[in-house]
Every structure is written in C-alpha cells, then in structure tokens.
Amino acid sequence: MSPIARTVYLYGLYLIVAGLVFLLLPGWFGPLFGVGPEDRGWLRLIGLLIADLGLFYSFIGRYDHEPLCRLTVFARVGVAIVSALLVFSGSVPKPFLLLGLIDLAGAIWTQLQPAKRRSTWR
C-alpha cells in the first residue's frame, strides 16, 4: 500500500467508526450538535451515510487506487469549506466546524504524501 493510499484507508476507518457512533449512540453527540431527542433520527441517518462513505474510502485506500485517493483531497477540502460557511452563517452549531477541520487535516495529510508512481499514460 502506498503512503497516499494508507492515509485514505485510515481515514476511511475513522469515518466508519465515527459513522457507527453517530448511528448507534446519537445521544452522545445530540447535545453537542444542538440536536434534541426528537431529531436524533437525523443523526442516525447521517451516521449511516458517514459509515458508508468510510467503506468507500477504506476500499479505495486498501486497493491503492491513487487517482481516487487524490480526488478525496478535493472532496475533503470542500467539506471543510462548506462546514465553515454553514457555521459562520449561523446555519449550524459551532461544533460542526470541528468536523470540517478534521476533514481538512486529513486532506492535507493525504496531499503531502508522495505519489507511488507516475503513469506514462496520458
């Protein structure tokens, strides 16, 4: 597994664990994110989607698909930007900024990894 693929694989595992926590234990994060007991079903749904995305990321990393690993950098930077915009506009509570910062840190970590190989195909 190349260094870039390893970062995406590990990030995928993080997403799976985080998603399962949101799915199975929404009461832990509900108060932090301003979600009352009546709306915790939404946290469960978000957890399912996060865990599902984590499966894709871990698969991409495990099988060393470098172009998709590079693509995740753009996706994670996008999540960080949109999270910041939503927090600063007052649309979502401030703890959502932490999730965006985690995505940004993961994107930077992946981007800094050396390429496995350069293809001669154009």
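Only the coordinates and a few stated rules stand behind these numbers; no lab work does. Predicted model, so just to flag it, every value in this text is computed and none were measured. Note: ideal-geometry Cβ built from the backbone for every residue, glycine included; neighbour counts use all protein chains shown.
Here the 3J(HN,Hα) profile of segment 51-68, calculated from phi with Karplus coefficients 6.51, -1.76 and 1.60 at θ = phi - 60°, is 5, 4, 4, x, 4, 5, 4, 5, 5, 4, x, 4, 9, 6, 8, 4, x, 6 Hz, Gly and Pro shown as x. Extension gain for L32 to L10 (0.36 nm times residue separation, less C-alpha to C-alpha distance): 5.4 nm.
With θ taken as phi - 60° and the Karplus curve 6.51 cos²θ - 1.76 cosθ + 1.60 applied, the whole-hertz 3J(HN,Hα) list for segment 29-40 is 9, x, x, 4, 9, x, 9, x, x, 6, 10, 6 Hz, x standing for glycine and proline. Couplings for segment 92-105, taken from phi via the Karplus curve 6.51 cos²θ - 1.76 cosθ + 1.60 with θ = phi - 60°, read 9, x, 4, x, 5, 5, 4, 4, x, 5, 5, 4, 4, 4 Hz in order; Gly and Pro are left as x. Ranked from largest, the principal axis spans of the Cα set of segment 1-68 equal 44, 16, 15 Å.
Diffusion coefficient of the chain by Stokes-Einstein, Kirkwood radius over Cα pairs, 10 °C, 1.306 mPa s: 105 µm²/s. Note on A105 and R62: the model spin-label points, each 7 Å out from Cα along the C-beta direction, lie 2.5 nm apart. Each of S58, W42, A115 was placed along the dipole of the chain (beta-carbon charges, centred on the mean Cα), and the one lying farthest toward the positive end is A115. Once every DSSP H run of n ≥ 4 in the chain is given -39500 (n - 2.57) and the sum is divided by its residues, what mean residue ellipticity at 222 nm do you get, rounded to the nearest 500 deg cm²/dmol? Only helices count here, giving -24500 deg cm²/dmol.
Which order results if E66, E38 are arranged by neighbouring Cβ count within 10 Å, fewest first? Before the final figure, lay out each step's value.
Working: E66 19, E38 8.
Taking fewest neighbouring Cβ atoms as first place, the list is E38, E66.
One Cα centroid belongs to segment 17-68, the other to segment 85-104; the line between them spans 16 Å.
Using 0.36 nm per residue, how much length does the chain from L98 to R70 gain when fully extended, once their Cα-Cα distance is taken away? Let's see the in-between values first.
Values: separation 28, 0.36 × 28 = 10.08 nm, distance 2.25 nm.
Fully extending the segment from L98 to R70 adds 7.8 nm.
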